[in-house]
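Since every read-out is calculated from the coordinates, none of them should be taken as a lab result. Predicted model, so just to flag it, every value in this text is computed and none were measured. Don't worry about glycine lacking a Cβ; one is built from the backbone with ideal geometry, like all the others, and counts go over all protein chains shown.
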Amino acid sequence: MKSVFYIIIFCCSLLTACSPKPSNVRSVAQAAPIYPDYADVAIPYNIAPLNFLLRDGADAVEVKITGKKQTLTVYGDDKVCFSMDDWKELLDAEKGNILTVQVTSRVNGEWLAYKPFTWYVAPDPVDGYLTYRLIEPGYEVWNSIQLCERNVQTFDERVLIDNNTVDKSCMNCHTHSSQRGDLSFFHLRGKKGGTILNRDGKLRKLSLKVDGMISGCVYGEIHPGGRYGVFSTNIIIPSFHTQESKRLEVYDTASDVVLADFDQDRMIVSPLLNDSTVFETFPVFSADGKYVYYCSAPRVKLPNDIKNMKYSICRISFDAKKGELGNSVDTLWNARLTGKSACHLKASPDGKYLLYTVADYGTFPIWHHEADLQLMDLRTGKVDNLKIVNSNRSDTYHSWSSNSRWFVFASKRGDGQYGKPYFCYIDRTGKTYKPFVLPQKDPAHYDLTLKSYNIPDLSKSPVTFGPKDIENVYENQNAEKFH
Amino acid sequence: MLKCKLGKAITWLLGLLVLLGSFVFFQCFYPYHLYYREQTQLFLYTSEYLSTYFQHPAWLACITGDFLTQFFYYIGGGAAILSLLMTLVYLLSWKALRIYLPNWLSLILGIGVAFWELLRNCEQNYLTSSTVALIGGIGMFLLYALAAKSILKNRWLNLLIVIVWLFAGYWLFGYGAWIEGLLMLIWALKQKNWVPAIVILVEVAVIPLILRPAYLLTKEQAYTYPSRNMVAYPRMDIEKLLALDCEFYFGHYNKVVQMAQESGMKNEAVSYFYNLANCMLGQMPDKLMSFYQPVSHGLIFNLGPDTPFLYIFFSNEVWYQVGEMTMAEHSAILGEIFSPNHRSSRMLRRLAEINLITGDSEAAKKYLRILSKTQCYSKWVADRWPDNQSKEVAAMYDYKKKYAVTADSLHGSENARTALRSLLVSHPDNTKAQDYLFCFDLLQKDVKGFMEDYTAFKLPTMSGAEIPNSLYQQALLVYLANSKQTDAETLKHYRISPKIWDDFIDYTKKYEQGQGDGTLLQSSYGQSYWFYYHFAEFIKK
């Protein structure tokens, strides 16, 4: 046993000896050209290692992380990959502290010490599981789609369902309720498709369309109690912009909001949410389930007046005991006054905030460069423009961690084509910090992937189904008809 | 002794025949298919990319096949590699079959297997990894046979090896394990080893089913991976289409026109390249009526759920050439995602170019970074890296940047006319877009639309002495005659030449004489727009 230990030590020494060490270092004033951009971000103490690479043509690098209690030094070529154990130990020890990261790289034979940057190790953890849809950004067309779940504390990713095994059918993104792995849904299209409801470990296939609805259910969320779901029904039209930078515009020519009662297999319709002169969409429940938030815009002539299509944020009460919607609608954020259009609402689990996306116009902002996140304090109505969070590309499709201290969103920052999940910390005072992209084992992952990460959604626990379960439901279960 | 030597000589002679025959076939009759195969795949020299091969069975076959396919980029590379692989198929098949059969029969069957594999390689989206899987399967059996003869004397050890070896065969070579299993089964039956025979049968049937959920494959895919077809035959019609695409890509426009004319084919894709090449040569309206025109489908493809992949693959070219980068990007992304493994080197290059032209250098770098990890395109990338482009490349993209759309509007993917009009609203001097728009109108027999577009985009840009192309003059006359505006002043305004006017009078006279019968007009006016306008029939598919 002892000899094995010495062999390991010897091998480690050999490996360490192989890593070039900085000498005759020249300090430079510029920031380290690292990718992904992890400079000066806030990170949860339970996140996987923030591996990164250098874009300065380096052939050797030393990274020294200094905290209050611990120091970690790592060597690499042009990539910096941390050991999982060392990383966990460091972050556990430095909860609530600021780490200083010194990058020294060898470029054309010369060692350069870049300006150090910091990592704030937030004392609040992020939910451990993240689901997303991996899809090539083919506008309205798809070929290969996967719903995946990533353990954000490690690099483990598992496929929840691959459309290869369900007749290449389209699949919409997977949405948890109350950040629970055993309460979620997604729409599976195709001949044998339906809305797949995952409730308490049981899978059901539902046909959420009844006479009078303009379409099947599209965007939505499940009530925290699990009995109800609120959904939009939309006639969706994709169109192309002639200006290259804008690419695709997707808009509704009609949309309403409906509720589904999963216990009694019935749809609940309120005339207040089914006004043909108004587009209603993107409904979600408040944290306590007593309200439905949704977006609403007066009908305009499309596509000519697309730039006048601006959605406000509205709210209607909901009585879960009776399964009834209220009889009045409040406007929380008025598009007429702001001149912008809101979409993708998400209420924080502590009930304090509403996070949403704002674009110049329309209802589908993923190709709008100006689409940004905004945060409304539901207690005061104050809106934070989240300047430190947003980028010059589309930032949207967000979800909260169960402790309301973190949210994740899909951002097309950088290449503008491929969405990537970014995590943002919001402290107890409501202050937000610079977000960071979901770390990958190989830091070149985002450079090389041709898949976009759609609608990242956080959960405290892993989803309770796998690909075989969904294939089984798809092939063998009849969709339950609602009335 | 002599017989043995003769047998060996025949074996190697046949091997040489397979080698040369395959090479001649692929290089002389099927080269464009091989180039296309390289264009619709991408092999990256990165650890993360290589690790993706383990997500499916047959990782060794796939990694080897894709690695080899990248060399199809070079002239003769594809033919050389495939002919070597066919020879290997022949030699291994012969070697495996010789264990059970007489030499002469093994030789014939070996040739047969190689020929079958050659035919399978004629399918346009066939993967080299399928051939490697076949070779791997036979190779696995030969290794087993070698071991069984020498070291596997213990029947329990033999049984264990059978189980492990078949599993390994599937893991490494996918459907190649079927071939391996079949040969091992015969071996076991010949030895009267009934237990291994049953184990082989069960294992071959069960392994794909057991591993299918982990590999996320359908049942059919699990049994056939990575093969896509069991039988195929040479498709010279597709070879001609791929030739047009390839020659167009390399800028041999005159050759494309000539090949299209000599193809003897009447389909949308041939017309598409014929028109596009003529457009590049500045002679599209001159040549439009002298070739088969399936309404406007030979100008721009309408992409839908039933569109064949080849049309999707070709479709970005026209948008790229006329300067409509949104549609070019859309088409290129579709070409990329519908490529056999969702990775196409050609489409990635096109996407990089599009973003370089639109000035989105971050998006361009995304694609350039991927391409920089390849064997064949790193130099191409170096020439195009933003802020570090060669002069020729920068000039080429600057020229295209000139025609960027400045006015924004919305249109559906099927509304080509709006897209073309938008190009001209921003830059009326974009002659390629002009020709496409006008020809699009004319082939749709929309002379009213043509007149609107011509008046909006052509008339204001005409120089003092410019005479319109005879096709456009003919179309103008159709509109003017329909709206009874053929007075001298109007004809002068539209610069209708006396010759065209005289022809029009003559045509009209003969048309009226023929009372709708085009026979009289065919010889003199068969290639006029008037004839197309009167006699071309639209057949709805």
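Structure summary
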{"quantity": "Debye intensity ratio in log₁₀ form over the Cα atoms of segment A:349-405, taken at each q of 0.17, 0.31 Å⁻¹", "calculated": "-0.57, -1.25"}
{"quantity": "Cβ-based exposure ranking for A:314, B:4, in which fewest neighbours within 10 Å come first", "calculated": "B:4, A:314"}
{"quantity": "Derived scalar couplings ³J(HN,Hα) [segment A:412-417; Karplus, 6.51 cos²θ - 1.76 cosθ + 1.60; whole Hz; x for Gly, Pro]", "calculated": "9, 4, x, 6, x, 10"}
{"quantity": "Computed [θ] at 222 nm, helices only, for chain B once each DSSP H run of length n ≥ 4 contributes -39500 (n - 2.57)", "calculated": "-21500 deg cm²/dmol"}
{"quantity": "Distribution of pairwise C-alpha distances over segment B:271-398, 10 Å bins, in %", "calculated": "12, 38, 33, 15, 2"}
{"quantity": "Cα pair distances in chain B, grouped into 20 Å bins until the bin that holds the longest one, percent each", "calculated": "19, 41, 26, 12, 2, 0"}
{"quantity": "Rounded Å value of the spacing that divides the Cα centres of segment A:98-154 and segment B:28-42", "calculated": "38"}
{"quantity": "Computed helical MRE - 222 nm, chain A, DSSP H runs ≥ 4 contributing -39500 (n - 2.57), nearest 500", "calculated": "-2500 deg cm²/dmol"}
{"quantity": "Amide H within-cut-off set for residue A:426, under 5 Å, with H built and near neighbours excluded", "calculated": "A:406, A:407"}
{"quantity": "Anchor residue B:484: aspartates and glutamates whose Cα lies under 18 Å away (excluding residues fewer than 8 positions away in-chain)", "calculated": "B:446, B:452, B:502, B:503, B:506, B:512"}
{"quantity": "Distance from segment B:365-440 to segment B:193-224 (C-alpha centre basis), Å", "calculated": "49"}
{"quantity": "Pair residue B:24, residue A:380: separation of 7 Å Cα→Cβ label points (nm)", "calculated": "8.6"}
{"quantity": "Residues whose placed amide H lies under 5 Å from that of residue A:324, excluding near-sequence neighbours", "calculated": "A:319"}
{"quantity": "Dipole magnitude (debye, nearest 20) for segment B:450-514, charges at Cβ of Lys, Arg, Asp, Glu", "calculated": "60"}
{"quantity": "Full-stretch length increase - residue B:46, residue B:231 - with 0.36 nm per residue and alpha-carbon distance subtracted", "calculated": "63.2 nm"}
{"quantity": "Over segment A:96-241, volume per residue of the alpha carbon convex hull, in Å³", "calculated": "216"}
{"quantity": "The protein assembly as shown: Rg to Rh, with Rh as the Kirkwood radius over Cα pairs", "calculated": "1.01"}
{"quantity": "Lysines with Cα under 22 Å of residue B:149, excluding same-chain neighbours fewer than 8 positions away", "calculated": "B:95, B:190, B:192"}
{"quantity": "Sequence-distant lysines (8 or more away, or on other chains) whose Cα lies within less than 18 Å of residue A:69", "calculated": "A:88, A:95"}
{"quantity": "In Hz, Karplus ³J(HN,Hα) per residue of segment A:126-133 (6.51, -1.76, 1.60; θ = phi - 60°; x = Gly, Pro)", "calculated": "9, 4, x, 10, 10, 9, 7, 9"}
{"quantity": "Rounded FRET efficiency, nearest 0.05, which uses the C-beta distance separating residue A:81 from residue B:361 and R0 of 25 Å", "calculated": "0.35"}
{"quantity": "Cα pair count fraction exceeding 14 Å, expressed as % - segment B:52-104", "calculated": "65"}
{"quantity": "When segment A:187-335 is reduced to its Cα atoms, the Kirkwood hydrodynamic radius in Å", "calculated": "16.3"}
{"quantity": "Residue (of A:479, A:425, A:448) at the positive-pole extreme of segment A:374-483, dipole from beta-carbon charges", "calculated": "A:425"}
{"quantity": "Projected-area mean, chain A, by convex hull of Cα positions, square nanometres", "calculated": "25.9"}
{"quantity": "Paramagnetic reach from residue B:488 in segment B:502-535 [backbone N under 16 Å; point 7 Å along Cα→Cβ]", "calculated": "B:502"}
{"quantity": "Dipole magnitude of segment A:426-483 about its Cα centre (Cβ charges: Lys, Arg +1; Asp, Glu -1), debye to nearest 20", "calculated": "380"}
{"quantity": "Descending semi-axes in whole angstrom, ellipsoid equivalent of segment B:307-376, from the Cα gyration tensor", "calculated": "18, 16, 8"}
{"quantity": "Equivalent ellipsoid semi-axes - Cα gyration tensor, segment B:347-400, angstrom", "calculated": "16, 12, 9"}
{"quantity": "Quarter of Cα convex hull surface for segment A:362-435, i.e. mean projection, nm²", "calculated": "5.1"}
{"quantity": "Spatially close lysines, pair count over segment A:131-286: Cα under 28 Å, gap of eight or more or interchain", "calculated": "11"}
{"quantity": "Assigned charges on the beta-carbon of Lys, Arg, Asp, Glu; segment A:327-483 dipole about Cα centre (debye)", "calculated": "520"}
{"quantity": "For residue A:386, residues with placed amide H under 5 Å, excluding near neighbours", "calculated": "A:375"}
{"quantity": "Whole-number D in µm² s⁻¹ for segment A:384-483, Kirkwood Cα-pair radius fed into Stokes-Einstein, 25 °C, 0.890 mPa s", "calculated": "154"}
{"quantity": "In segment A:358-442, lysine pairs with alpha-carbon atoms under 21 angstrom apart (chain gap of 8 or more, or interchain)", "calculated": "11"}
{"quantity": "Burial ordering of B:180, B:48, fewest other beta-carbon atoms within 10 Å first", "calculated": "B:48, B:180"}
{"quantity": "With eigenvalues of the C-alpha gyration tensor scaled by 5 and rooted, segment B:167-290, Å", "calculated": "53, 15, 11"}
{"quantity": "Cα pair distances of segment A:181-243 binned at 5 Å [whole percent]", "calculated": "4, 15, 24, 23, 15, 8, 6, 4, 2, 0"}
{"quantity": "Pairs of Cα atoms farther than 18 Å apart, segment B:122-198, %", "calculated": "39"}
{"quantity": "Taking only Cα atoms of segment B:331-421, radius of gyration then Dmax in Å", "calculated": "14.6, 41"}
{"quantity": "Mean shadow area of segment B:499-541 over all directions, Cα convex hull, nm²", "calculated": "3.3"}
